[in-house]
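For reference, the structure is listed below as structure tokens.
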Amino acid sequence: MGRPSPADSWAGALRDQGWSRVAEAEDLAGRFRIDRSRRHGVYPEVGRELRSLRERGLRLGLLTNGDPHLQRAKIDASGLAPLFDSIVVSGERVQAGQVQRGKPDPRIFALVMEEMGVDRAVMVGDKVSRDIEGARAAGIGAVLIRRPGVDWGRFSGAGDTPQIASLEELPSKLPRLLAMGRSSIGEGPGIASGSIREPDREI
């Protein structure tokens, strides 16, 4: 069975709210897609820093929860997909039966590492409850990216987790972060990234 379309998701949400005109789901899905596409953007340093990490011999993975259609659209629009050795959209992998759930389940972190072929990894994420706690459960290093002016309560519980304000600060922290966790999967180091976002930017 394939994943539900955006219109199917909207129809289900309307039914759950007791809305009888589910025929409007297609229109709502289209409006939502257009509105969200206008809000997508990539932080200025992201492409440059990802390329620099690859040039250093690091393997890169992208792990994201969320609606598969929307997440794939954002990834495609960013133009960054070729920089990643593995891209895991959790909803797709749940549908395929590879995992039972997305972040923070440690098994989906292990899946990304397996696809990257690495035995050490650092999770770079912006949400403690999914990115950081999931990385800890998977036994790998983690760093919280905390963009200036962005909070939304997502940083609660960060504790002593290393923090950066942009990807430009990541290289100097990598040696210690990569030493924080070990796995028996593959060889070499890698970086797994979650979403990095602000109200009108997300990648």
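Every number here is computed from the coordinates shown, using simple stated rules; none is lab data. From a predicted model like this one, the values you see are computed outputs, not experimental measurements. Reconstructed Cβ throughout: ideal geometry from the backbone, glycine too, with neighbour counts over all protein chains shown.
Other residues within the sphere of radius under 11 Å centred on the Cβ of Gln100, judged by their own Cβ, net out at +2 (K and R +1, D and E -1). For the listed peptides 110-118, 132-140, a ranking on the average number of other beta carbons within 10 Å per residue, highest first, reads 132-140, 110-118. Per the Kirkwood formula applied to alpha carbons, region 83-139 shows a radius of gyration over Rh ratio, Rg over Rh, of 0.93. Expressed in Å, the radius of gyration and Dmax of the Cα atoms of region 26-148 are 15.0, 46.
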